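The values are calculated or read from the model by the stated rules, or taken from the named source; none is laboratory data. Since this is a predicted model, take the numbers as computed values, not measurements. For neighbour counting, all protein chains shown are included, and Cβ atoms are generated from backbone atoms with ideal geometry for every residue, glycine included.
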Amino acid sequence: MKKIILLILAFGFVIAVFNYRANSDIPGIIDKLNAPINKAQSSDLAYKVYLFNLIPIAEAVVKSPKAETYSGKKALHLAMEAATTQNIAFLFKGNVKLDSYLDPKTGNPVYFRQELFTSNHGQKIKEVYYDQAAGVMALNGVRRVIFPDTQDFLSLVYGMGKFDFTKNPRCKFYINTNQKNYVFLGAAALKPVRKGRKTYDLLNLQAQIRREDKNNPYHRTNLGVYMFEGVPVYIRVVASGILITARLYDIRQ
C-alpha cells in the first residue's frame with residue numbers, strides 16, 4: 001500500500017511539474033494560439049488564470065477597444081470580464097466586469113466602473129470619475145487628490161501596450177480606483193527566446209506596485225509581464241506571498 005501511495009504521489013508530482021512548465025512555456029503559448037498575434041490588437045483576448053501556476057481558478061476576456069462617446073465627448077471604451085472556474089465553485093464563486101472610458105487624446109481615464117459579485121458578499125458596484133485637469137477623482141461622492149495622468153487597471157494595461165520600451169526601458173504610472181494612490185514602477189528588457197528553429201523576441205517587463213504614501217512590503221505587489229509584439233501573453237503576479245499567473249489562450253476575432 002505504501003508503494004502504491006508513493007507511486008501516486010510521484011505521478012502527481014510529475015504531472016504538476018509538467019503543467020507548471022507548460023503554463024510557463026511562452027513560445028508554446030504563442031504557437032498554440034488560434035490566430036496570428038498581429039490579429040490581437042483588434043480582437044478580444046481570452047486568458048486562463050492559475051493559482052501557483054498550477055490550479056485553474058478563473059478565465060478572463062479583455063475586449064477589443066472601441067471608439068464610443070462618453071458624456072457627449074469622444075472616448076475609447078475598454079472592457080474586461082472575468083469569472084471563477086467550475087473546479088473551485090464548491091469553495092468560491094465570483095465574477096467581475098470592468099469598464100473604462102479614456103480620453104483618446106491623452107489615454108487617461110475619465111470614468112471607471114467595476115461590477116463585482118462574490119458568493120460571500122453578493123454584488124458591489126463601484127464608479128470612479130476622474131477630473132485629470134483638476135487633479136482629482138471622485139468615488140461615492142468623496143473627492144481625492146490624484147497625481148497627473150492617473151490610471152485605472154484597464155487603462156494601465158492599455159497604456160503599457162502603447163508604451164515604447166525600446167526608447168525608454170523604464171516606466172512609471174500612477175493608479176487610483178479606491179481613493180488611494182499607488183505607483184507602478186517598471187523596467188523592461190528584450191529577451192529573445194529560441195524554440196526549435198524559431199526565435200521569439202519577447203519583451204520582459206518587471207514591475208512593482210505599491211502605495212505611494214507607504215513604503216511597506218505588505219502593500220507591494222510584484223508583477224512580471226511577457227509581451228510579444230505588444231500583446232501580454234504571460235503575466236505573473238506575486239501578492240502577499242501568493243503566486244497568480246495568467247496566460248493568453250485564445251484570440252477571438
It is to be established whether one or more residues within region 233-252 are under 20 Å from V61 (Cβ atoms) and of a type in the set (D, E). yes
Restricting to region 150-168, and then to whatever is part of a loop (DSSP other than H, G, I, E, B) and at pLDDT below 95, can you tell me which residue is surrounded by the fewest Cβ atoms within 10 Å (Cβ to Cβ)? K167
Pairs returned, first residue in region 130-141 that is surrounded by 12 or more Cβ atoms within 10 Å (Cβ to Cβ), second residue that is of a type in the set (G, A, S), beta-carbon separation under 9 angstrom, 6 or more apart or interchain, are Y130/A138; D131/A138
Give D250, D201 a once-over and let me know the one that is among the acidic types (D, E), within 16 Å of the chain's Cα centre (by Cα) and assigned to a strand (DSSP E or B). D250
Within region 68-91, residues being in contact (Cβ under 8 Å) with a residue 24 or more places away in the chain and closer than 24 Å to L248 by Cβ number 11
State whether the residues of region 208-227 include one that is surrounded by fewer than 12 Cβ atoms within 10 Å (Cβ to Cβ) and under 16 Å from the mean Cα position of the chain (by Cα). no
Which condition from (1) among the charged types (D, E, K, R); (2) surrounded by 13 or more Cβ atoms within 10 Å (Cβ to Cβ); (3) modelled with pLDDT under 95 is the one that R113 breaks? (3)
Within region 31-56, work out how many residues are assigned to a strand (DSSP E or B), touching a residue at least 40 places away in the same chain (Cβ under 8 Å) and closer than 21 Å to L223 by Cβ. 7
Need the failing condition index for S155 against (1) under 27 Å from D213 (Cα atoms); (2) without any contact (Cβ under 8 Å) to a residue 40 or more places away in the chain, just the number. (2)
Of the residues F184, F147, F173, which single one is outside any strand (DSSP E or B), hydrophobic (A, V, I, L, M, F, W, C) and surrounded by 14 or more Cβ atoms within 10 Å (Cβ to Cβ)? F147
